[in-house]
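The values are calculated or read from the model by the stated rules, or taken from the named source; none is laboratory data. Owing to the predicted nature of the structure, the values given are computational and were not obtained by experimental measurement. Positions of Cβ are backbone-derived with ideal geometry, glycine not excepted, and every protein chain shown enters the neighbour counts. Calculation scope for accessible area: heavy atoms of the full protein, side chains included, ligands and nucleic acids excluded. Shrake-Rupley method; radii C 1.70, N 1.55, O 1.52, S 1.80 Å.
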Amino acid sequence: MENPNGFFPPDRVINAGKSQHNEDQACCEVVFVERRPSPRVSHFSPQSRKGFYFHYWALFDGHAGSGAAVMASKRLHLHICEQLRDLVDILQDPSPPPICLQHDAELSQAEESGEVPSDALPRFHLEKAVSHESLVIGAIENAFKRMDEQIEQERASQHISGGCCALAAVYLMGKFYVANAGDSRAIIIRNGEIIPMSREWGCPSSELFAPFLQAFLRPELLGKEFTHLEFPRRIQPKELGKKMLYRDQSMNGWAYKKIEEDDLKFPLIYGEGKKARVMATIGVTRGLGDHDLKVFSSNIHIKPFLSCFPEVRVYDLTQYEHCPDDVLVLGTDGLWDVTNDKEVASVVMEVLTSYEPNDPCRYTMVAQELVVRSRGVLKERGWRLPNDKLGSGDDISVFVIPLGGPGNYM
């Protein structure tokens, strides 16, 4: 893939290929964001192609089929591009973003009359300060929402079942924006230091404010089968009338309440850690798709308790000096289920030091080694790691993206 702005770093994605039907999908693109056409600008003028490029990498981990992951891998970057089109001029202007955009007719009238644009006037002291960075974050968040809506609209015609976790990295104007919805993760390894660029959106209680709030506000969605309250464990009928620890959607801590008949219903979130499930069905609270997902043997939809919006973290590449050994690692949960951050960093440094800094295949070999070590070796008792523990039973996909050295982004 050619980078119009110069040499494109040799990032690589490697997949373990353990399953016959791989549900992991990946995408890597250089995307041009063209300014949205204006009636005041001729299509033949130099300004008509005004815009900028962004670099894009993404991993999609499908579940209950690969349809949502395949569609998202082909379309999410286009939705991001579309959301950024209104920001072409704003992001290239160092002044604060305008609070309200004017129509072209208003701009033409202001130019003819010599009036000062409203945003050039002194700002009210109560206006919120909005950064260019927050505009990009908002564009990425809305792109995920549009992607989820497209999956919903086209799931019948495209025969899409299930959903997917989505992890995307966007490099734009000196900054990396890492957006995560699901249980994939990303870390930066810089001079041996590990910098988390995402968190896993599984089902730990610290991430469940939104599902519990939805259950509290709209109890009819629970189908009289589930309770919006959280308890440390499942309540037994013989415990009616006793006091037990609980918390609701507004609590971080715990308190005691008298157990009533309604508290015997199945909990909204059941299980702990990686084994936790929303409505005893799905192990993530964020992702794309799953519009037809229902609780087993019921007509209760789970989608209202899931979010398609990602958490977006930002890393400013211009604030640090980077060497060829500094990388951004993106991985699906097949990697992280059996490998922690320190082990990943150790493999990265071990492999990179065995190659010359200007050898483009060094990043490929890092990704390959991460996948191989997480996959393990096939033995009589299944796939096994060197310590004889079970290797990852999931599809494993990894991106290794260099941050500095030959072929950097600047």
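Residue pairs whose Cβ atoms lie under 6 Å apart, sitting 6 or more positions apart in sequence or on different chains, and linking a residue in segment 239-263 that is in contact (Cβ under 8 Å) with a residue 40 or more places away in the chain to a partner that is open to solvent by 90 Å² or more (accessible area, probe 1.4 Å) and not in a strand (DSSP E or B), are Gln249/Phe216. Once segment 218-234 is narrowed to residues that are surrounded by fewer than 14 Cβ atoms within 10 Å (Cβ to Cβ) and acidic (Asp, Glu), the residue that is nearest to Ser307 (Cα to Cα) is Glu220. Restricting attention to segment 362-380, does a residue exist that is in a loop (DSSP other than H, G, I, E, B), surrounded by fewer than 22 Cβ atoms within 10 Å (Cβ to Cβ) and not acidic (Asp, Glu)? No: segment 362-380 contains no residue that is in a loop (DSSP other than H, G, I, E, B), surrounded by fewer than 22 Cβ atoms within 10 Å (Cβ to Cβ) and not acidic (Asp, Glu). Being among the polar types (S, T, N, Q), touching a strand residue (DSSP E or B) at 6+ places or on another chain (Cβ under 8 Å) and either free of Cβ contacts under 8 Å to residues at least 40 places away in the same chain or under 27 Å from Phe54 (Cβ atoms) (or both) narrows it down to one of Ser307, Ser346, so name that one. Every option except Ser307 fails the conditions.
Scanning segment 130-176 for residues that are of a type in the set (Phe, Trp, Tyr) and either free of Cβ contacts under 8 Å to residues at least 40 places away in the same chain or open to solvent by 10 Å² or more (accessible area, probe 1.4 Å) (or both) yields one hit, Tyr171. For segment 12-37, the candidate set comprises residues that are surrounded by fewer than 16 Cβ atoms within 10 Å (Cβ to Cβ) and over 22 Å from Val366 (Cβ atoms); within that set, the residue that is modelled with the lowest pLDDT is Ser19.
Mind checking which strands (runs of 3 or more DSSP E) fall wholly inside segment 216-317 and carry at least 2 residues that are of a type in the set (D, E, K, R) and over 30 Å from Leu59 (Cβ atoms)?
Once the strands (runs of 3 or more DSSP E) in segment 216-317 are filtered for at least 2 residues that are of a type in the set (D, E, K, R) and over 30 Å from Leu59 (Cβ atoms), what remains is 255-258.
Close contacts from segment 74-98, counting a first residue that is touching a residue at least 40 places away in the same chain (Cβ under 8 Å) and a second that is of a type in the set (Lys, Arg) and assigned to a loop (DSSP other than H, G, I, E, B), with Cβ to Cβ under 7 Å and a gap of 6+ residues or different chains, come to Arg85/Arg35; Arg85/Arg36; Asp86/Arg36; Val88/Arg35; Val88/Lys50; Asp89/Arg35.
The residue that is modelled with the highest pLDDT, among those in segment 126-172 that are among the charged types (D, E, K, R) and in a loop (DSSP other than H, G, I, E, B), is Arg155. Taking the criterion of being over 15 Å from Val400 (Cβ atoms), open to solvent by less than 30 Å² (accessible area, probe 1.4 Å) and modelled with pLDDT of 95 or more, the residues of segment 311-354 that qualify are Val312, Tyr315.
Would you mention how many residues in segment 235-254 are surrounded by 10 or more Cβ atoms within 10 Å (Cβ to Cβ) and more than 28 Å from the chain's Cα centre (by Cα)? The total comes to 11. Filter segment 350-364 down to the residues that are of a type in the set (A, V, I, L, M) and over 23 Å from Tyr171 (Cα atoms) and list them by number. Hit for segment 350-364 is Val351, nothing else.
Take the conditions (1) open to solvent by 30 Å² or more (accessible area, probe 1.4 Å); (2) at pLDDT 85 or above; (3) not aliphatic (A, V, I, L, M); Asp263 misses just one of them, which is (1).
Within segment 177-217, restricting attention to residues that are surrounded by 15 or more Cβ atoms within 10 Å (Cβ to Cβ), more than 30 Å from Gln319 (Cα to Cα) and not hydrophobic (A, V, I, L, M, F, W, C), which residue is modelled with the lowest pLDDT? Once the filter is applied, the top-ranked residue is Pro204.
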